[in-house]
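What follows is one structure encoded as structure tokens, with my remarks underneath.
The values are calculated or read from the model by the stated rules, or taken from the named source; none is laboratory data. Fair warning: this is a prediction, and the values are worked out from it, not measured in the lab. Cβ coordinates were reconstructed from backbone atoms using ideal geometry, including for glycine residues, and neighbour counts include every protein chain displayed. SASA here: full protein model, heavy atoms, side chains in, ligands and nucleic acids out. Shrake-Rupley method; radii C 1.70, N 1.55, O 1.52, S 1.80 Å.
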Amino acid sequence: MDEEHSLNLSVPILRALLDLLPGTLHVKDRAHRYCIVNRNYLERWGARADEVIGRTSVEVFGDLFGVDADRRNDEVFASGKALPFYEVTYPDTRGGSIVLWATKVPIHDENGAVTHVLTFSLDVTPLKRMQQQLDESEQLRSAIVEHSLECFITADEDGRIVAFNSAAEQVFGYSRAEALGKPIGEVLHTTERRRATGRNAVRQRTRALLERSGERFETLGARADGKIIPIEISLVEIPLHDRRLFTACVRDLSEQQRAQAELERQRQELYQSERLSVLGTLAAGISHELRNPLSVVVSHAKLLEAELAADRPQPRVGAIVRAAERCAAIVSAFLDQSRSGPRRVEQFDLAQIIHSALDLTAHVLREQNVALNIDHVQTGLTVQGNPHQLSQVVLNLVLNAIAAMQEGASPRELAIANQLNESGDAVELTVGDTGPGIAPELRERIFDRFFTTKPAGAGTGLGLAICRDIVSAHGGSISADQSPQGGALFRVRLPVSDRKQQAETGATMNAS
Ligand SMILES: Nc1ncnc2c1ncn2[C@@H]1O[C@H](COP(=O)(O)OP(=O)(O)O)[C@@H](O)[C@H]1O
Ligand SMILES: [Mg+2]
């Protein structure tokens, strides 16, 4: 051994080495007195070497280090074994705290007895603070992602799902455990085309999807139950230092598209009813124009009939008179119907209203091969209200019945009846058909505004809603039931008009 070189580790060199250490170091004897301290130690705790050496930490620093510091030294003296790195927190001179990683090593004399304990510590406070900030920002991030209303789905470079938040669970119907590890192309698509299945298709889709990172686009998603839903994706790539992640922020567009479709449907309905109202106004104008020439035809045909009848009966002229009279009846029923006029309240016979509605629909009934049963329509049941509005109710019910029977096989029968109820305070009008009827669960909903089962353009879903409005305004009620033949049976109940008052009105009319 080279004596000269081994002696090179002289005290000044050792001193210098100790001072170079990146942590604090001290050596204490059995009585807890400092024997050696390095420069870092003195700087860290703000003391000079001559104040420290030969004294205990309590003497120098008071209770700064607490009782545990000396207790750990005693442990090492007793066991003769080193203490591996442990974490310890001391108050800072500036009122904060310092976190240290420390280790203790026994120093033995030549007999193997422990004479001193060396303590080495590293200040990990900045590290700790960083860790804490990282933890906090991670907590914040996961709270935001977890409680977000939007779906967050993260995939690794291979497209395997590595994060799936609870909004995604709800929208896609997979639990997080089920979703993790799946290729992202299994839940998100990049094309609007029909969904291809199979491992290859999924792999291709996954690749195509990841290539669109940085984009925001609308596409389709596949739920766990196989349902395809419209979605909007904003895809970002997150480059980490050793790998890349892709996060898709996904919004379910189903509700939005439903709302849009509903809006579009309502707009179409508005166009349709606008068109009907224009046509209605035109038709009313035409009817009005027809009325005068028709009355000329009727009166002259009657005169002709009377003149000719003197010689011999003329059946042909009679046919002209009846046809012309029928035309006039249709025209005036139509005008009655279309005239919005003042909302006058009148007393009128319910039968009159039924006949006026049938006048207007006679040709449809004929065309559709519908037999009419009005055996139980009786005259003399008087109600009070607006006859135009109430005949609109009957008209709607009749048109709905005809429409319902259009699909089904013959025989088709429309049965209209009216009667006084048992207690005599209400009249009941029924319209029954031999159509498919109305499912019990729909019998209330059909009265909702815009409820229709007819294709767009054919129905507005307003007819029955308007009927209910009108009947309610008259103090009555309307309901749907099943007819004895299995079709629909609509029942309108109206309070019977005051008979006494009716009698009086009759009397004054006769007197005048
Ligand atoms: N007589 C009937 N038989 C079967 N279903 C009917 C009948 N009348 C009405 N309905 C149902 O009620 C719905 C609403 O009727 P309505 O309010 O008149 O609107 P619309 O006739 O425009 O559809 C219809 O679409 C149809 O499904
Ligand atoms: Mg209708």
For the range 268-339, alpha-carbon Rg over 2.2 N^0.38 Å: 1.54
Fraction in percent of alpha-carbon pairs per bin - 5 Å, the range 3-128: 2, 10, 18, 24, 21, 14, 7, 3, 1, 0, 0
Excluding exposed DSSP-loop trypsin sites (Lys or Arg not before Pro) (at most 10 other C-beta within 10 Å), longest clean stretch of the chain: 345-512
GluC sites (Glu not before Pro) restricted to DSSP loop in the range 82-153 with at most 16 other C-beta within 10 Å: Glu110, Glu150
Heavy-atom accessible area per residue - the chain, 1.4 Å, Å²: 60 Å²
Distance between modelled label sites at Thr56 and Ala16, nm, 7 Å Cα→Cβ extension: 3.7 nm
Top positive-direction residue, dipole computed over the chain with Cβ charges, set Gln352, Ser254, Phe164: Gln352
For a label point 7 Å along the Cα-to-beta-carbon line of Val124, residues of the range 21-60 with backbone N under 18 Å: 22-25
Whole-angstrom Cα spans of the chain along principal axes, big to small: 167, 59, 41
Sum of -39500 (n - 2.57) over DSSP H runs of 4+, divided by residues of the chain (222 nm, nearest 500): -15000 deg cm²/dmol
In nm, spacing of pseudo-spin labels at Thr103 and Thr115 (7 Å Cα→C-beta vector): 2.4 nm
Net charge dipole size for the chain [Lys, Arg +1 and Asp, Glu -1 on Cβ; Debye, nearest 20]: 1500 debye
Alpha-carbon Rg/Rh ratio, for the range 343-512, with Rh computed the Kirkwood way: 0.99
Rounded percent of accessible protein surface that carbon and sulfur make up, the chain, 1.4 Å probe: 54 percent
Size of charge dipole - the range 139-252 - debye, nearest 20, with Cβ of Lys, Arg +1 and Asp, Glu -1, no other charges: 400 debye
